[in-house]
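See structure below.
The values are calculated or read from the model by the stated rules, or taken from the named source; none is laboratory data. Predicted model only: the values in this text are computed from it and were never measured. Cβ placement follows ideal geometry from the backbone for every residue including glycine, while neighbour counts extend to all protein chains displayed. Surface areas here come from the heavy atoms of the whole protein model, side chains and all, with no ligands, DNA or RNA. Shrake-Rupley method; radii C 1.70, N 1.55, O 1.52, S 1.80 Å.
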Amino acid sequence: NWSGSLIVASLTGAFGSSFLYGYNLSVVNAPAAFIKKFYNETWERRYSFSVEESTLTLLWSITVSIFAIGGLVGAIIVTPIVKFFGRKCTLLLNNVFAVTAALLMSLSLSAGSFEMLILGRVIMGVDAGISLSALPMYLSEISPKEIRGSLGQVTAIFICIGVFTGQVLGLPEIFGQEFRWPYLFGAIIVPSLIQVVILPFLPESPRYLLLEKHNTSKAEKAFQTFLGKEDVSHEVEEVLAESRVQRNTKLVSVLQLLRTRAVRWQVITVVITMACYQLCGLNAIWYYTNSIFSEAGINHKTIPYVTLSTGAVETVAAVFSGLVIERLGRRPLLIGGFGLMVVFFAVLTVSLTLQKTVHWLPYLSIFCILAIIASFCIGPGGIPFILTGEFFQQSQRPAAFMIAGTVNWLSNFTVGLLFPFIQGGLQTYCFLVFAATCFAGATYLFFVLPETKNKTFNEISQAFAKRNKVSLEMQEMNHCSGERKSSSEQESNFTSSVDNGETKKGIV
């Protein structure tokens, strides 16, 4: 099922999208001291006095956290963009944001303007907000249902690779030096250019072409390219069957989706899963890593190299998840990942609290950090994006990704804003807050989440029908209400796409 075009599309799409998201999460860590010095020198040159420590801290906090604000903007504007331009073209056009951000950030030192760096972080956040919705949407629509989970996990794998790459390039021997840190941001251009060169030669999403553009010939060619076979009549009919259920392909707005009873529990599940994805405490783990390694007696100069182990474990765990997700399913990996995080957060709390009394406990803390990262990447790190693509029909999917992206970025910003206060008030016990979040998420998913492995979009909708207290027929009616096209228009759309024996209308 893994054709060459499918592999190239997933790797190219992820390299220019989710890779950059992961890269920009870690790239600011290594040059933090040099960037703060640049801020101070720029301030002195402008105002003839040194910046106050509180002001410098504020500027740095804005630089780091404003990435999430840009991501929120990107998540909000992605729906009309994917509707008008399509999934593939959205990924291509999104590189304009990435290249612009890279130029602003990499030239900020020579221009003597820290505002350029902050503005670049905002624009880079917009790029990430768009890509984290458009990429999973594209991957879920080009892949056969038998490997939809594995292909969707490519998003998480490249986020991890991006984090690890940012750590490697930030080493002192490479770009982690006072006058080399702008190259860390200039490197963003490379994945963008690679995507711009390769992706135009690959087809648009066949589901988008068939259901939203009503271009049967292009959709068939896209299916043939991605599936690597000539006879794609079964795949085309499967998509048309979904379209007959929907009765129309007009995009549903966010407000309409929230009001649709037939997808109420799908929306709730996506919101809770995405919130737990950000609020589970992994950002806090990155915050604590250096201090825990220092407590373990590791030399300060070697800590950056030891920190690479976290990025390596993250990448290996994400790859492992991609290999086993179609065997084990989404449900066990997601619930199991959150469950393991609860256990290791509890052990980490104990080891951090007592590590000064027992000499070997700091090493247990290191193990717990790596175990928490691995547990996150096995399930919670990528599956929420896959589920968002699987839960909703074609016309609902952009609005669903907009909701998921908004929750994702708001939760990201909330963690960055509140964690210093939580950590200051609870000290090492702050991890119990994250353990409680993971436990609540795992409990909800255990009772609500159905397995979606190897299921069509209609079968997944049927799995939620009982919980939504509607029959499949009522789901169809709810989806169609207020947006139904005329019967003659529907007939013209489908008669041109299927054989005479397939033009019989379904009865709701």
Segment 46-64: number of residues that are within 12 Å of PHE114 (Cα to Cα) and in contact (Cβ under 8 Å) with a residue 12 or more places away in the chain
5
Which pairs have Cβ atoms under 6 Å, sit 6 or more apart or on different chains, and link a residue in segment 443-455 that is closer than 16 Å to GLY337 by Cα to one that is assigned to a loop (DSSP other than H, G, I, E, B) and at pLDDT 85 or above?
GLU451/GLY329
Residues in segment 45-60: is at least one open to solvent by less than 10 Å² (accessible area, probe 1.4 Å) and of a type in the set (Gly, Ala, Ser)?
no
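Can you name the residue in segment 243-261 that is assigned to a helix (DSSP H, G or I) and within 26 Å of the chain's Cα centre (by Cα) and is also modelled with the lowest pLDDT among such residues? Spell out how you get there, then give the answer.
To start, the set of residues in segment 243-261 that are assigned to a helix (DSSP H, G or I) comprises 243-246, 254-259, 261.
Pick out the ones that are also within 26 Å of the chain's Cα centre (by Cα) and you get 254-259.
Values: VAL254: 86, LEU255: 89, GLN256: 89, LEU257: 89, LEU258: 90, ARG259: 90.
Looking at residues that are assigned to a helix (DSSP H, G or I) and within 26 Å of the chain's Cα centre (by Cα), I get VAL254.
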Go through (1) open to solvent by less than 50 Å² (accessible area, probe 1.4 Å); (2) modelled with pLDDT under 90; (3) assigned by the TED database to the domain that holds ARG87 for ARG207 and report which single condition fails.
(3)
Exactly one condition in (1) more than 30 Å from VAL126 (Cα to Cα); (2) in contact with a Gly (Cβ under 9 Å, 6 or more places away or on another chain); (3) touching a residue at least 40 places away in the same chain (Cβ under 8 Å) is false for THR353; which is it?
(2)
Tally up the residues in segment 123-148 that are among the β-branched types (Val, Ile, Thr) and either within 16 Å of the chain's Cα centre (by Cα) or at pLDDT 95 or above (or both), please.
3
Pairs returned, first residue in segment 261-279 that is touching a residue at least 40 places away in the same chain (Cβ under 8 Å), second residue that is of a type in the set (Lys, Arg) and surrounded by fewer than 20 Cβ atoms within 10 Å (Cβ to Cβ), beta-carbon separation under 8 angstrom, 6 or more apart or interchain, are ARG261/LYS469; TRP265/ARG467
Given (1) crowded, with 24+ Cβ neighbours inside 10 Å; (2) more than 18 Å from ILE403 (Cα to Cα); (3) of a type outside the set (A, V, I, L, M), where does PHE84 come up short, assuming only one miss?
(1)
Take the residues of segment 300-326 that are within 19 Å of LEU387 (Cβ to Cβ) and buried (at least 17 other Cβ atoms within 10 Å of the Cβ): which is farthest from the chain's Cα centre (by Cα)?
GLU326
Yes or no: segment 327-343 includes at least one residue that is open to solvent by 10 Å² or more (accessible area, probe 1.4 Å) and over 23 Å from the mean Cα position of the chain (by Cα).
yes
Please give the helices (runs of 4 or more DSSP H) falling wholly within segment 350-449 in which 3 or more residues are surrounded by fewer than 17 Cβ atoms within 10 Å (Cβ to Cβ) and at pLDDT below 85.
397-426
Of the conditions (1) open to solvent by less than 50 Å² (accessible area, probe 1.4 Å); (2) over 23 Å from PHE185 (Cβ atoms), PHE19 fails just one. Which one is it?
(2)
